[in-house]
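The structure appears right after this line, and notes come after that.
The values are calculated or read from the model by the stated rules, or taken from the named source; none is laboratory data. These numbers come from a predicted model, not from an experiment. Cβ atoms come from the backbone with ideal geometry, glycine included; neighbour counts cover every protein chain shown.
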Amino acid sequence: MVCAVDLDIDNQMERIKIVEDIRIKHPRFNHALKLIQDCHQHSKIAAEPQCLLITAPSGAGKTTLFRQYVKMHDKIIYGNTRTKRVILSDEVPSPTRLVVVVESLLEKLGDPFPLRGTLGNKRDRLIKLIKDCQIELIMLDEFQHFVNSENNKLNYEVAEWFKSLVNITNKPFVLFGLEESRIVMEVNEQLDGRFSVPYHLHPFSFNSQSDKEEFRRLVDAISKQLPFEDQPTFAESGMATKLMYASDGTMRRLMNLIRRAARIAIERNHPHVDENHFSEAFELFTRFRKEYNPFLINDFEFE
């Protein structure tokens, strides 16, 4: 026999899963996806592949963008004599050492013994596998790990090898990293020339009226996806201002805050998310970084 409490918990978990699965493809996100797709498709017919560097501060959505494109476009095609893969994607490890980077890429391509052999042998196998698997696009996340975080100096051995990999494979590369990733390009003219299409994924802001309207459209779209029948929009001026202050305009902080507030409302069987739920969520996620809890202040404003 299934009791009412169990059914209620199941319903709550289903609704919480809906909240966790919310993904918003806002215009900036879609523009970045289009740039990646342009690199991918144009390079099939271009004399020289087009490469792209996407930078963003932590939490702005670059890793989500990275995963989304791989999810949308990567395919593995098994043939009689070889396996084709559309995208080679990986995360640059930290701290970065050349041998570790090469071994990780070999593993991604299915090399049965990525740790075996000399460094030179591993590099040769990697180039051969990229060719044999007919890789169309190479995507690397956390590219800033090419730069030592302690002294802000470039790992020249890794950078030089990477330049040769770009030249030898003649494949389009899309790199994702924090803003310090630009250092790699600035000290290497050849790489800078290859990555002539930079894109910076800015956090949202309240710097202008159009910025405010853009953010309100974003939070309105999120509020409409929440599993409540009577959910007021978050686009109302006061609520949008509080969400901007609490999240600093970054998607990760914004979604963490909204997901936690929605979970609190669901677990308490409330008809919608309100400022009390946001206030609790704020204390859990954001309070240590901020002077005020905006959800406790009626007419909250900030510069």
If a residue has to be of a type outside the set (A, V, I, L, M) and touching a Ser or Thr at 6+ places or on another chain (Cβ under 8 Å) to count, how many in segment 218-246 make the cut?
7
Name the helices (runs of 4 or more DSSP H) wholly within segment 154-261 that hold at least 1 residues that are among the small types (Gly, Ala, Ser)?
156-169, 189-194, 209-225, 237-247
Of (1) assigned by TED's automatic domain parsing to the domain that holds residue 196; (2) touching a residue at least 12 places away in the same chain (Cβ under 8 Å), residue 71 satisfies every one except (2)
Picking from 115, 175, 137, which residue would you name as being among the aliphatic types (A, V, I, L, M), assigned by TED's automatic domain parsing to the domain that holds residue 59 and in contact with an Asp or Glu (Cβ under 7 Å, 6 or more places away or on another chain)?
115
Quick one: count up the residues across segment 262-288 that are within 24 Å of the chain's Cα centre (by Cα), touching a residue at least 40 places away in the same chain (Cβ under 8 Å) and assigned to a helix (DSSP H, G or I).
2
Residue tally, condition surrounded by fewer than 16 Cβ atoms within 10 Å (Cβ to Cβ) and either in contact (Cβ under 8 Å) with a residue 40 or more places away in the chain or within 12 Å of residue 51 (Cβ to Cβ) (or both), over segment 170-197
7
The strands (runs of 3 or more DSSP E) lying entirely within segment 1-117 that contain at least 2 residues which are in contact with a helix residue (DSSP H, G or I) (Cβ under 9 Å, 6 or more places away or on another chain), modelled with pLDDT of 90 or more and under 25 Å from residue 184 (Cβ atoms) are 52-55, 87-91
Taking segment 274-297 and the residues there that are at pLDDT 90 or above and among the polar types (S, T, N, Q), the one that is farthest from residue 235 (Cα to Cα) would be 293
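Results for (1) more than 18 Å from residue 135 (Cβ to Cβ); (2) without any contact (Cβ under 8 Å) to a residue 24 or more places away in the chain; (3) of a type in the set (Gly, Ala, Ser), shown as yes or no for each residue.
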| residue | (1), (2), (3) |
| --- | --- |
| 47 | yes, yes, yes |
| 50 | no, no, no |
| 55 | yes, no, no |
| 61 | yes, no, yes |
| 86 | no, no, no |
| 92 | no, no, no |
| 96 | yes, no, no |
| 106 | no, yes, no |
| 109 | no, no, no |
Here the residues within segment 218-244 that are over 23 Å from residue 15 (Cα atoms) and surrounded by fewer than 21 Cβ atoms within 10 Å (Cβ to Cβ) are 236, 237, 238, 241
